[in-house]
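Novice: Can you read through this structure? Questions will come right after.
The values are calculated or read from the model by the stated rules, or taken from the named source; none is laboratory data. Computed from a prediction, not measured in an experiment: that's the story for all the values here. Positions of Cβ are generated from backbone atoms using ideal geometry, with glycine treated the same way; all protein chains shown enter the neighbour counts.
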Amino acid sequence: MEEAASKPKISKIVFVFTVTLAVWLLFTWPFAPVNWAMIIAGSLVSLVSGIVLGGLATLHPVKGLNPVRYFWGGCYVFALAWWVMVANLDVAFRVLHPDVPINPGIVKVKTELKSESAKTALANSITLTPGTMTVDISDEGYLYVHWINVSSTEVEEATREVVGRFEWLLRRIFE
Amino acid sequence: MTGMSPIVKTVTRWVSPFILAFGIYIALTGHLTPGGGFPGGVIVAGCFILITLAYGKERVEGIFDLKSASVTDSLASLSFLCMGLLGYVFGGGFLNNFIQSGFPGKAFELLSGGNMPIINIAIGFKVGGSLFVVFAYLALFRAIEEE
Amino acid sequence: MLTYLLAFILFAVGLYSVINKRNLIKIIMGIIIMEHAVNAFLILIGYRLSGEAPILEEGMAISEFVNTAMDPLPQALVITSIVISLGVVALMVAIAVRLYQHYGTFDITEIRKLRG
Amino acid sequence: MLPLFVAIPLGVGFLLPLIEEFRERTQFFAVTVLLETGLLLALSLVKFGEESIYRLGGWRPPIGINYVLDGLSSLILVVISGIAFVTALFAMTYMSKYENLGKFYGLFSLMLAGMYGVALTGDVFNMYVYLEVAAISSYALVGFNRGPEELEASFKYLIMGAVGSIFILLGIAMLYGSVGSLNIADISVRVSEVSDQSFILLSTALFIVGFGLKAAFIPFHSWLPDAHSSAPTPISAMLSGVLIKVLGVYALSRILFNGLNLPNLTPEILTWIGAGSMFIGGMIALGQKDLKRLLAYSSISQMGYITLGLGMGGIFMSQGKPAVATLALIGGVFHLVNHAAYKSLLFLFSGGVERIFGTRDLSQIGGITRVSPVSGATGTIGTLSISGIPPFNGFWSKLVIVIAAIWGGLYPIAGIVLFTSAITLAYYLKVQRELFLGEVAGEITDKGKISPGIYVPLLILAVCCIGLGLLYLPEIRGIVLKPAALALQEGSEYTKLVLGL
């Protein structure tokens with residue numbers, strides 16, 4: 001699956017170069033009066049970064065240049081923020097409730113996502129949401145999630161509750 | 001070393017170009033902002049150490065292995081020394097700023113430091129190379145012994 | 001005065017660890033604690049209440065800079081001493097690992113072929 | 001010119017490991033280092049006797065770092081360069097069978113760079129940095145063979161050295177906190193104006209402990225015999241001959257005499273530390289069986305003489321006896337030069353002995369004069385001069401110290417010096433009896449190993465041992481030793497030179 005690190009393809013180099021340069025320009029913002037020295041330095045640094053680390057970059061760089069994916073990525077940020085807020089209130093309610101209605105445990109869930117990036121984003125999203133935390137990931141597409149209020153230990157049921165809401169958006173972004 | 005779980009690998013893949021660029025940025029603008037050669041070099045070395053830890057020794061071999069790290073180390077220190085000696089020849093004193101300070105650009109711009117950015121870059125490479133060598137000798141100790 | 005006291009307590013903790021512990025790693029940690037005590041002491045010497053970072057910004061008068069900036073020299077000294085202590089600690093750990101390979105233990109009472 | 005002293009060894013030190021990454025060229029490394037040290041020796045001889053300062057980066061002294069060349073530092077430069085040259089010559093043959101020689105010579109050059117830096121710099125923190133450069137290289141060099149004992153000695157040396165460095169750094173921090181300057185000359189101006197002298201005294205104490213650990217004064221000596229006997233022979237010669245003097249006594253006396261203007265009680269403490277090191281080191285050396293360990297303990301004892309001379313100089317200065325003070329300081333500096341010569345001779349000789357017999361245990365070897373007359377003769381000269389037999393150099397410097405002690409009225413010190421000389425003679429007579437005069441004992445591993453590459457350096461040092469006694473002739477003394485002693489005694493001259501007041 002992983003290709004040889006020594007021979008990065010040109011497309012990968014271009015992809016890493018573009019993304020790094022974009023971030024560089026965002027952070028230094030040399031445009032108020034145009035600062036050519038900063039822009040040229042940024043291009044050189046991005047080129048170095050692309051040549052050295054291009055081999056590690058995403059496996060399908062063309063996908064990374066598709067603007068539709070970035071649109072869904074933007075949507076995902078807002079959606080995730082909403083879910084995190086809701087989960088926050090839920091956890092706060094459980095903690096402040098006099099009975100402390102929690103039922104912690106580790107459940108096994110299954111994901112339909114295939115690419116490594118999508119799985120990583122999913123795992124990180126689950127961890128970011130209060131109340132759930134990814135513990136481990138297996139090669140067959142199973143995630144082990146620590147859940148503050150285990151409502152079902154069945155794989156299908158737990159998958160629907162924990163993973164379901166992220167999956168459809170992530171599939172549009174990464175696959 | 002086989003590396004870590006897919007999550008660590010993927011995140012490493014995502015962030016490592018930015019870490020590298022950030023390290024070089026810190027070293028490059030050492031004369032304008034806090035930072036300089038040493039922190040920048042540490043960040044650059046951290047990037048490669050992260051890749052080594054996440055992917056294992058084999059993966060990093062084509063990029064930045066032990067030999068290229070020590071060569072970088074020596075070359076960077078030699079170039080630092082050369083800058084000092086060039087100052088001695090042209091500027092009248094060891095490490096003198098022989099490119100006039102503030103000459104190409106105005107003050108508070110990237111090219112205003114004379115020879116400071118060059119020295120900072122040399123220090124950055126030196127620190128990055130030597131830190132990676134230290135890491136490689138300590139963390140990959142067994143692997144090197146077995147060869 | 002509190003500065004001096006704080007640094008000395010930390011320094012004494014490190015020195016205790018170097019003198020009194022038998023594990024190589026604990027001795028190395030003692031050295032690290034001592035170095036950090038001295039570094040903290042140096043930084044605190046240059047501290048000034050409600051001072052600013054010693055960066056001369058565009059359009060800043062020199063007198064204003066002198067009145068508000070902290071002393072940058074101890075910070076330069078500290079970063080140098082951090083670099084040096086990095087080298088020393090790296091060498092120490094490397095030698096400790098080698099010693100462990102030879103003797104199979106980190107206990108200095110069992111690694112005692114040479115007599116002082 | 002002065003930065004070249006640091007820049008050349010630094011460049012060579014970085015270049016050799018780089019070349020080694022691509023090709024292993026043993027003799028090339030050795031020849032490069034030999035040329036480097038030869039060049040530095042020539043430079044230091046050309047610069048000898050000159051008084052100048054060098055402003056690094058063009059900044060004027062209290063702000064920037066400056067290099068100072070005065071009587072003492074130019075003498076120290078010659079000593080470092082001379083011993084380094086002879087050691088490099090010796091290592092060319094001796095080390096040729098070892099591996100990783102690029103790293104060995106690289107570290108050797110870095111150690112040289114650090115020592116030159118300590119000798120030249122006029123800034124306390126810069127001195128600390130160079131001191132660490134030299135010390136870290138020497139830690140690595142002690143463990144160069146990577147055997148268990150070498151590593152253990154290296155670790156012990158490393159811990160003690162690191163603690164010493166931290167003490168020095170704390171002293172520097174405290175000094176900066178109370179005086180507000182790092183330039184030695186500037187400190188000597190400002191230190192008398194500080195209202196609260198207690199922190200100055202505290203930092204003085206920290207300096208004495210820290211540099212005492214580096215110089216192996218007697219309560220802090222435990223690392224030295226292990227480190228100096230475990231290192232490869234050329235490195236033992238460098239460590240005992242130069243490193244402990246430059247890093248320990250020279251740096252300490254530079255800061256105390258020129259920077260802090262000798263705070264109260266400091267000269268007395270130095271004197272008694274010197275006397276104690278001298279006496280106890282000699283007593284322990286008497287019982288040693290391993291030749292290199294005996295030499296190492298003898299180093300502790302001889303370092304005591306140097307410290308004693310400098311400390312007595314301080315006492316006489318504070319008592320207002322400048323003439324006696326000069327004599328005592330000359331004694332200390334003179335003994336420093338002499339000890340560098342004969343202790344490196346003896347360590348290189350012990351390497352030759354180890355090559356011949358395959359062991360350093362004194363009871364198992366004997367009759368070296370029959371096996372190798374040349375190296376036997378040089379060894380005899382070394383032992384005779386270290387034990388203070390009249391025509392050789394060791395006698396003259398000890399005589400100067402004793403005369404200074406008696407003239408200044410410190411009779412107990414004079415007594416201890418004389419008694420320690422007797423002890424020194426005793427343990428070197430033991431070495432003589434076991435090593436030179438007895439029958440050829442033990443197995444002679446390979447006679448052919450004593451090649452010219454081994455004994456020519458020994459011969460050079462032996463000639464130095466005979467010739468250095470001439471330094472005390474009044475004409476030569478006025479050029480060589482007296483400026484060095486006056487550099488310590490006349491702190492105001494140093495300040496004037498640096499700050500240009």
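Novice: Residue check: is D:Arg370 of a type in the set (D, E, K, R) and farther than 19 Å from D:Ala285 by Cβ?
Specialist: Numbers: of a type in the set (D, E, K, R): yes; farther than 19 Å from D:Ala285 by Cβ: yes.
So D:Arg370 passes the test.
Novice: If I filter segment A:18-37 down to residues being in a helix (DSSP H, G or I) and farther than 21 Å from B:Ser16 by Cα, which single residue comes out as farthest from the other protein chains (Cβ to nearest Cβ)?
Specialist: A:Trp36
Novice: Check whether at least one residue in segment A:49-71 is farther than 30 Å from B:Ile24 by Cα and either at pLDDT 90 or above or among the hydroxyl-bearing types (Ser, Thr, Tyr) (or both), and report yes or no. Steps first, answer last, please.
Specialist: First pass over segment A:49-71, keeping only residues farther than 30 Å from B:Ile24 by Cα: A:68, A:71.
Keeping just the survivors that are either at pLDDT 90 or above or among the hydroxyl-bearing types (Ser, Thr, Tyr) (or both) gives none.
No, there is no match, as no residue in segment A:49-71 is farther than 30 Å from B:Ile24 by Cα and either at pLDDT 90 or above or among the hydroxyl-bearing types (Ser, Thr, Tyr) (or both).
Novice: Just to be sure, is C:Ala94 in a helix (DSSP H, G or I) and closer than 30 Å to D:Leu141 by Cβ?
Specialist: On the way: in a helix (DSSP H, G or I): yes; closer than 30 Å to D:Leu141 by Cβ: yes.
Yes.
Novice: Given (1) away from chain A (no Cβ under 12 Å); (2) under 13 Å from the mean Cα position of the chain (by Cα); (3) not in a helix (DSSP H, G or I); (4) not polar (S, T, N, Q), where does B:His31 come up short, assuming only one miss?
Specialist: Of the numbered conditions (1) away from chain A (no Cβ under 12 Å); (2) under 13 Å from the mean Cα position of the chain (by Cα); (3) not in a helix (DSSP H, G or I); (4) not polar (S, T, N, Q), the odd one out for B:His31 is (2).
Novice: Here is a further query. Within segment C:83-95, restricting attention to residues that are closer than 16 Å to C:Lys26 by Cβ and more than 7 Å from chain D (Cβ to nearest Cβ), which residue is farthest from the chain's Cα centre (by Cα)?
Specialist: C:Val93
Novice: Just give me the residues in segment A:131-160 being over 19 Å from the mean Cα position of the chain (by Cα) and surrounded by 15 or more Cβ atoms within 10 Å (Cβ to Cβ), in sequence order.
Specialist: A:Trp147, A:Ile148, A:Asn149, A:Val150, A:Ala158 - these are the residues of segment A:131-160 that are over 19 Å from the mean Cα position of the chain (by Cα) and surrounded by 15 or more Cβ atoms within 10 Å (Cβ to Cβ).
Novice: Does D:Gly467 meet the test of being part of a helix (DSSP H, G or I), out of contact with any His (no Cβ under 7 Å at 6 or more places or on another chain) and at pLDDT below 85? Spell out the reasoning first.
Specialist: Values: part of a helix (DSSP H, G or I): yes; out of contact with any His (no Cβ under 7 Å at 6 or more places or on another chain): yes; at pLDDT below 85: no.
Judged against the criteria, D:Gly467 is not a match.
Novice: Out of segment C:39-75, which residues are over 16 Å from D:Gly180 (Cβ atoms) and among the hydroxyl-bearing types (Ser, Thr, Tyr)?
Specialist: Across segment C:39-75, the qualifying residues are C:Ser50, C:Ser63, C:Thr68.
Novice: Here's something else I'd like to know. Among B:Val8, B:Val15, B:Val71, which is the only one that is surrounded by fewer than 17 Cβ atoms within 10 Å (Cβ to Cβ), away from chain A (no Cβ under 11 Å), among the hydrophobic types (A, V, I, L, M, F, W, C) and assigned to a helix (DSSP H, G or I)?
Specialist: Criteria check complete, one pass: B:Val71.
Condition check ((1) among the β-branched types (Val, Ile, Thr); (2) assigned to a helix (DSSP H, G or I); (3) more than 14 Å from chain B (Cβ to nearest Cβ); (4) within 26 Å of D:Leu310 (Cα to Cα)) across all residues:
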position	(1), (2), (3), (4)
D:Gln27	no, yes, yes, no
D:Ala30	no, yes, yes, no
D:Thr37	yes, yes, yes, no
D:Leu40	no, yes, yes, no
D:Glu50	no, no, yes, yes
D:Arg60	no, no, no, no
D:Leu72	no, yes, yes, yes
D:Val78	yes, yes, yes, yes
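Novice: Hey, can you tell me all the residues within segment C:97-116 that are modelled with pLDDT of 80 or more, within 7 Å of another protein chain (Cβ to nearest Cβ) and either part of a loop (DSSP other than H, G, I, E, B) or under 21 Å from D:Ser138 (Cβ atoms) (or both)?
Specialist: C:Val97, C:Arg98, C:Leu99
Novice: Can you tell me which of D:Leu243, D:Leu224, D:Leu247, D:Leu201 is of a type outside the set (Gly, Ala, Ser) and surrounded by fewer than 21 Cβ atoms within 10 Å (Cβ to Cβ)? Please lay out each step first, then the result.
Specialist: Details: D:Leu243 fails: surrounded by fewer than 21 Cβ atoms within 10 Å (Cβ to Cβ); D:Leu224 fails: surrounded by fewer than 21 Cβ atoms within 10 Å (Cβ to Cβ); D:Leu247 fails: surrounded by fewer than 21 Cβ atoms within 10 Å (Cβ to Cβ).
Going through D:Leu243, D:Leu224, D:Leu247, D:Leu201 in turn, just one is of a type outside the set (Gly, Ala, Ser) and surrounded by fewer than 21 Cβ atoms within 10 Å (Cβ to Cβ): D:Leu201.
Novice: Hey, among D:Gly171, D:Gly161, D:Gly114, which residue is more than 10 Å from every other protein chain (Cβ to nearest Cβ) and part of a helix (DSSP H, G or I)?
Specialist: Values: D:Gly171 fails: more than 10 Å from every other protein chain (Cβ to nearest Cβ); D:Gly161 fails: more than 10 Å from every other protein chain (Cβ to nearest Cβ).
Going through D:Gly171, D:Gly161, D:Gly114 in turn, just one is more than 10 Å from every other protein chain (Cβ to nearest Cβ) and part of a helix (DSSP H, G or I): D:Gly114.
Novice: Taking A:Ile126 and the conditions (1) more than 29 Å from A:Asn66 (Cα to Cα); (2) surrounded by 14 or more Cβ atoms within 10 Å (Cβ to Cβ), which numbered condition does it fall short on, given that it satisfies the others?
Specialist: (1)
Novice: Still on this model: Within the set of pairs 6 or more residues apart or between chains, which connect a residue that is buried (at least 24 other Cβ atoms within 10 Å of the Cβ) inside segment D:305-334 to a residue that is of a type in the set (Asp, Glu) and assigned to a helix (DSSP H, G or I) with Cβ atoms less than 6 Å apart?
Specialist: Matching pairs, first to second residue: none at all.
Novice: Only one of B:Thr10, B:Thr29, B:Thr52 is polar (S, T, N, Q), free of Cβ contacts under 8 Å to residues at least 12 places away in the same chain and on the phi < 0 side of the Ramachandran plot. Can you tell me which?
Specialist: Working: B:Thr29 fails: free of Cβ contacts under 8 Å to residues at least 12 places away in the same chain; B:Thr52 fails: free of Cβ contacts under 8 Å to residues at least 12 places away in the same chain.
The conditions single out B:Thr10.
Novice: What residue, among those in segment D:1-53 that are closer than 25 Å to D:Ile479 by Cα and of a type in the set (S, T, N, Q), is surrounded by the fewest Cβ atoms within 10 Å (Cβ to Cβ)?
Specialist: Once the filter is applied, the top-ranked residue is D:Ser52.
Novice: Scan segment D:222-242 and report the pairs whose first residue is of a type in the set (Phe, Trp, Tyr) and whose second residue is assigned to a helix (DSSP H, G or I), with Cβ atoms within less than 9 Å and a gap of 6+ or a chain change.
Specialist: Going by the 9 Å Cβ cut-off, the qualifying pairs are D:Trp223/D:Ala153; D:Trp223/D:Lys156; D:Trp223/D:Tyr157; D:Trp223/D:Leu158; D:Trp223/D:Ile159; D:Trp223/D:Met160; D:Trp223/D:Gly161; D:Trp223/D:Leu213.
Novice: Which one is nearest to D:Asn126 (Cα to Cα) among residues in segment C:51-82 that are more than 10 Å from every other protein chain (Cβ to nearest Cβ) and part of a helix (DSSP H, G or I)? Quick ask: steps written out before the conclusion?
Specialist: Our first condition is that a residue be more than 10 Å from every other protein chain (Cβ to nearest Cβ); within segment C:51-82, this holds for C:51-52, C:60-70, C:72.
With the extra rule that they be part of a helix (DSSP H, G or I), the set shrinks to C:62-68, C:72.
Details: C:Ile62: 28, C:Ser63: 29, C:Glu64: 30, C:Phe65: 27, C:Val66: 25, C:Asn67: 28, C:Thr68: 27, C:Pro72: 16 Å.
For segment C:51-82, the residue satisfying everything is C:Pro72.
Novice: Which one is nearest to D:Ala113 (Cα to Cα) among residues in segment D:34-71 that are charged (D, E, K, R) and without any contact (Cβ under 8 Å) to a residue 24 or more places away in the chain? First the steps, then the outcome.
Specialist: First, the residues of segment D:34-71 that are charged (D, E, K, R): D:36, D:47, D:50-51, D:55, D:60, D:70.
Next cut, without any contact (Cβ under 8 Å) to a residue 24 or more places away in the chain only: D:55, D:60.
Numbers: D:Arg55: 18, D:Arg60: 23 Å.
Taking the candidates together, the pick is D:Arg55.
Novice: A follow-up question, please. Filter segment D:126-146 for residues that are more than 8 Å from chain C (Cβ to nearest Cβ) and not hydroxyl-bearing (Ser, Thr, Tyr) and give the result.
Specialist: Answer for segment D:126-146, where residues must be more than 8 Å from chain C (Cβ to nearest Cβ) and not hydroxyl-bearing (Ser, Thr, Tyr): D:Asn126, D:Met127, D:Leu131, D:Val133, D:Ala134, D:Ala135, D:Leu141, D:Val142, D:Phe144, D:Asn145.
Novice: Counting just the residues of segment B:18-28 that are more than 12 Å from B:Met116 (Cβ to Cβ) and under 13 Å from the mean Cα position of the chain (by Cα), which one comes out farthest from the other protein chains (Cβ to nearest Cβ)?
Specialist: As a first pass, look at segment B:18-28 and keep what is more than 12 Å from B:Met116 (Cβ to Cβ): B:18-26.
Next, only the ones that are under 13 Å from the mean Cα position of the chain (by Cα) stay: B:19-26.
Values: B:Ile19: 9, B:Leu20: 5, B:Ala21: 5, B:Phe22: 9, B:Gly23: 9, B:Ile24: 5, B:Tyr25: 7, B:Ile26: 11 Å.
Applying the filter and picking the extreme gives B:Ile26.
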